[in-house]
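Taking it in order: structure first as structure tokens, then the write-up.
The values are calculated or read from the model by the stated rules, or taken from the named source; none is laboratory data. Keep in mind that what you see is a predicted model, and the values were worked out from it rather than measured. For neighbour counting, all protein chains shown are included, and Cβ atoms are generated from backbone atoms with ideal geometry for every residue, glycine included. These area figures cover heavy atoms from the full protein model, side chains too; ligands, DNA and RNA do not enter into them. Shrake-Rupley method; radii C 1.70, N 1.55, O 1.52, S 1.80 Å.
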Amino acid sequence: MLLTAVLLACVLQATARKNNQQNGPQTVETAEVVDNFRQHVEGLPYLSEATVQALNDEVVAHIEKLHNWKDREAYAKDNDLQGFLAREREELQKQKDGLNTLLDEFMKQYDGKVIADSAACRDSLQRIVSDKLGLLETNLNLLEREMNAKEEGGSGPSWPLIGGIVGGIVLLLLVWALVSARKKKPVPAPVVTPPSNNGNGPSTNKTGEPAIVVRRKTATILKKQSLEDVMDSPHYMKIDLEDCCFESAVRRMYIKDSCVVDIYNMYARDQQNPANAKEYGCMVLGRWVYDSENSEYYVSLEQVVLPGDDAVFDEYELNFGGKIKLKILEQLRKLRRDTNLQYDLTCWVHSHPGLTVFFSNADSNVQDQLKHPQHPKFLTALVIDTLTPTMETGVFTYHRDMTLNTKNDLKKLYSLKEWYQWAQQSIKEDTPATLPPSTKTEETANVVDTQTADLFNTLADAKEHTTACFSINLNKDIVVDLCMALSGQTNGVAGIVHGQIIKKDLTEYVAERLSSNDKEEGLQQLGCFVVTQHFSIPTVRKAVADKLEKLKFVLVYTTADGELTSVPIMGGDLCADDSYYGKQRLEDLKLWTKKGR
């Protein structure tokens, strides 16, 4: 009996040891913990890649403005940059102070588990957050440096440092993309679901408030996500993408009439001179809403942004350059501020002159680079064969499974010419031909007929025209004023142009008087007259920086060649594409003034 008991005890001890080995603490690899932490950080508003990118974009836009603004202090005050820095630094310090708490809370899920090389693992997690916070701190220091730069002879922004920042962000985005690819299930963005509205797009919620989608947190106040003013507007062409694309993630596009005209004007020259047709493109800003119930998007196309002077467009080359990014950022900031609505890049456009409508591998790469980090599937693309009789246009979007449409997926093509005819009629119908005297406004009083009046249209010979500044018409008096202003004037702003705005089918300007005053009785401020030795957009922009928001165009006289260049304002900035410019010798304008006198 004693021997039996001893043997039984030995068996029980061996069984217990075996069970302890099988049911002991689970071992977790360091790589798994790090990957999970990266995903966890992406869900934190302040530390996500979207927030890092948004803050960097905002800082770079402010630096660019400070660098070119004539009165730095006024710009900093108007945009409350000191307050912005104080708020961001306070939040940054909170994140630093809470780093250990963040790591402790995250590691609680691994209680009872064994992490291989736990000390090195925690160091890796801490480094992930520290790198992000260090990048944000560098951004803020760079902005403060530019704010403190002297008005004259300042060192200016450290572009190599900015390049390093951007490079760091790109690296972080690549790492994030690799981690995201390993996820089994994507983390959905927080949304407020709009009612289906009988298939007619998002409408209002139960309380009657416009349905919205909550955007990622950025350094600025979140804006309302809404298309309520667009859906029933006669000035937006409605395109149901289920009619032209299979399984499109975008259900409907709303294209503004003025946007259609601007796109058409970009490509009209290809029809007139097909031998010199080249690929060309632009970006389009608008708004979007997400219907989470049906997993589909509704987008608007509202404002064209043209590339900068560093863009390269050739017969088979399409390079938008880097300057267009700053133009987009600045215009988005202005639109969001003025409307309190969440504008984004909703479309990009390019041409395939004579090559038919299709989406190449290079086009797919551009699409992937431009997509929104959290809602990539709302981005659309227009491809136009400008050498076909109707200017055939294809709409390309993401499928619901995130693959891109191909030529074979298109059910139909559209005609840009037909869109243009609709847009012209839409704009025309919005402007009454005559108004009763009691309802005349400042813009319609004393209207001048630019076709019959004795005026000189300085944009008549421009290759391209925009709806926002279709013509700049000088009367003979202002030509004399321009010549008189040159006496004793070296470089800089030589006067303010005043006159009338005529809105018919397209917006035209009549310049009547040049003075040193911002206001002239009975006239509106239209533009500036700038004198410089050689023409360059950065020089002109710096000269008019403190007046830019009030200008419709700038007249630039270059003393080196005696030429007057008319530069339209497009998207709140000087147009960088010289195909929209008008150029005349001032001596020729003098001769014109003498005719009929």
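Descriptive notes on the structure:
- Against the criterion of being at pLDDT below 80 and more than 30 Å from Ile537 (Cβ to Cβ), Gln109 does not qualify.
- Selection status of Leu341, on the phi < 0 side of the Ramachandran plot, under 11 Å from the mean Cα position of the chain (by Cα) and not charged (D, E, K, R): no
- Gln271 being open to solvent by 50 Å² or more (accessible area, probe 1.4 Å), in contact (Cβ under 8 Å) with a residue 24 or more places away in the chain and not charged (D, E, K, R): yes
- For segment 529-546, the criterion of being at pLDDT below 85, closer than 21 Å to Gly571 by Cα and either open to solvent by 30 Å² or more (accessible area, probe 1.4 Å) or in contact with a helix residue (DSSP H, G or I) (Cβ under 7 Å, 6 or more places away or on another chain) (or both) is met by no residue.
- Residue, most open to solvent (accessible area, probe 1.4 Å), within segment 212-253, restricted to residues that are modelled with pLDDT under 50 and over 19 Å from Lys377 (Cα atoms): Ile221
- Where a residue in segment 285-299 is farther than 12 Å from His375 by Cα and its partner, wherever it lies, is β-branched (Val, Ile, Thr) and open to solvent by 10 Å² or more (accessible area, probe 1.4 Å), with Cβ under 6 Å and at least six apart: Glu293/Thr193
- Residue count for segment 364-385, restricted to those that are part of a helix (DSSP H, G or I), touching a residue at least 40 places away in the same chain (Cβ under 8 Å) and within 20 Å of Cys244 (Cα to Cα): 3
- Looking only at residues of segment 547-597 that are of a type in the set (Gly, Ala, Ser) and modelled with pLDDT of 90 or more, we find that the one that is farthest from Asp78 (Cα to Cα) is Gly582.
- Pairs with Cβ under 8 Å, 6+ apart, first in segment 386-400 and open to solvent by 10 Å² or more (accessible area, probe 1.4 Å), second of a type in the set (S, T, N, Q) and in a loop (DSSP other than H, G, I, E, B): Glu392/Thr356; His399/Asn405; Arg400/Ser295
- Candidates in segment 338-362 are the residues that are among the hydroxyl-bearing types (Ser, Thr, Tyr) and over 30 Å from Asn79 (Cβ atoms); of these, the one that is modelled with the lowest pLDDT is Ser360.
- Filtered by the rule that a residue be within 25 Å of the chain's Cα centre (by Cα) and aliphatic (A, V, I, L, M), segment 78-95 gives Leu81, Leu85.
- Counting only strands (runs of 3 or more DSSP E) that sit completely within segment 485-566, those holding 1 or more residues that are acidic (Asp, Glu) and under 32 Å from the mean Cα position of the chain (by Cα) correspond to 507-515.
- Any hit, segment 345-361, residues being in a loop (DSSP other than H, G, I, E, B) and under 13 Å from the mean Cα position of the chain (by Cα): no
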